[in-house]
1. Residue 210 fails exactly one of the following numbered conditions: (1) farther than 26 Å from residue 301 by Cα; (2) part of a strand (DSSP E or B). What is the number of that condition?
2. Against the conditions (1) assigned to a helix (DSSP H, G or I); (2) closer than 30 Å to residue 281 by Cβ; (3) in contact with a helix residue (DSSP H, G or I) (Cβ under 8 Å, 6 or more places away or on another chain), where does residue 319 fall short? Just the number, please.
3. Can we say residue 68 is assigned by TED's automatic domain parsing to the domain that holds residue 156, surrounded by fewer than 17 Cβ atoms within 10 Å (Cβ to Cβ) and touching a strand residue (DSSP E or B) at 6+ places or on another chain (Cβ under 6 Å)?
4. Do you know which residues across the stretch 1-32 are in contact with a strand residue (DSSP E or B) (Cβ under 8 Å, 6 or more places away or on another chain) and in a helix (DSSP H, G or I)?
5. Does residue 295 count as crowded, with 24+ Cβ neighbours inside 10 Å and either within 22 Å of the chain's Cα centre (by Cα) or assigned to a loop (DSSP other than H, G, I, E, B) (or both)?
6. Out of the residues in the stretch 272-292 that are at pLDDT 90 or above and surrounded by fewer than 20 Cβ atoms within 10 Å (Cβ to Cβ), state the one that is nearest to the chain's Cα centre (by Cα).
7. I'd like to check something: does the stretch 102-109 contain any residue that is in a loop (DSSP other than H, G, I, E, B), touching a residue at least 24 places away in the same chain (Cβ under 8 Å), surrounded by 14 or more Cβ atoms within 10 Å (Cβ to Cβ) and on the phi < 0 side of the Ramachandran plot?
8. What residue, of 85, 179, 145, 90, is part of a helix (DSSP H, G or I), in contact with a helix residue (DSSP H, G or I) (Cβ under 7 Å, 6 or more places away or on another chain) and more than 22 Å from residue 253 (Cβ to Cβ)?
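The values are calculated or read from the model by the stated rules, or taken from the named source; none is laboratory data. What you see is a predicted model, and the numbers here were worked out from it, not measured in a lab. No Cβ is skipped: glycine too gets one built from the backbone with ideal geometry, and neighbour counts run over all protein chains shown.
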């Protein structure tokens, strides 16, 4: 019989990896909370239209990567490939526009059918932050500064570089799109097959192409900065000035784009060189047209998402794990008393592991391997005397104490 294995692109998370990922989420929730963000948990599957409408039929996510299926009721649903569309759907569904701005933080699994790579799986995990309502550049500064603070608190100050660009407003973006179409059309015979397809549907995505031939053409392609109107320049200047005032270092990356039409103005990515070719660990931008595209009112938004697996691989945080206390009852009567003693200790905040199998030597060995500080031994003699034996596994000492004095005896 062959061994049971998880499906390709998925894996079981436990031990140190689970601790590291939990540390990322805990730090994210603490940092985002300090900026006034509140929790939002959206379903891991939505009606397919929630993702298809904003992402577009021609996008790689919709055409190649989404896990879409028909449920037993005949509805077409899709496992969440990203957070933003679902968060905006929740904003509309729950009438949140009555209380703007909304600051919402989420985290959990996302699903994309793609080639598994370092730090990225078909089921992976993200942290996500969205601020819905504000249309001014100051809120973009807040969002980028919050991301930078998170990365610094995760110990990544010297491991990531912030790449920043502007996509301009709708007018500027349209002018840039026309310029790109004209330029790449003149070199259409040299474009890759994917880029030829994108030329008609999403020319900005050609700037992201990994094809070596495309990269040569992209190097001489028009720049967004050459097509910004006065209002877009002023917006971007305020973002840059705000980040400088907040002490957030950045590089202006004129080739950084977002392919989807609802993105406007600020786009940013935090990039590392420590994870190979797939270096983006957190990315975001402004999406003023998304909620309207989903059927809601004209409300602006800005947000970002980060891969928890990748962040956990880079963080220098060493998660604090409470050292357990081992409860070692010997005999039936002692076991019953140990139930009560263990619950009393847990009520005081201790981590208590009850080990009831094997001889005492084997149990003490397991306690040492589990990094326990104390072992509480309770046998018939101790039970009759109303005492327990407390063994300090660090010092190798042991003392008898009364039941009432047990909590005080196991203080580290």
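1. Single failed check for residue 210: (2).
2. That leaves (1) as the condition not met.
3. yes
4. Within the stretch 1-32, 21, 24, 25, 28, 29, 32 qualify.
5. Against the criterion (crowded, with 24+ Cβ neighbours inside 10 Å and either within 22 Å of the chain's Cα centre (by Cα) or assigned to a loop (DSSP other than H, G, I, E, B) (or both)), residue 295 does not qualify.
6. Only one residue tops the list, namely 283.
7. The answer is no; no qualifying residue exists.
8. Going through 85, 179, 145, 90 in turn, the sole match is 85.
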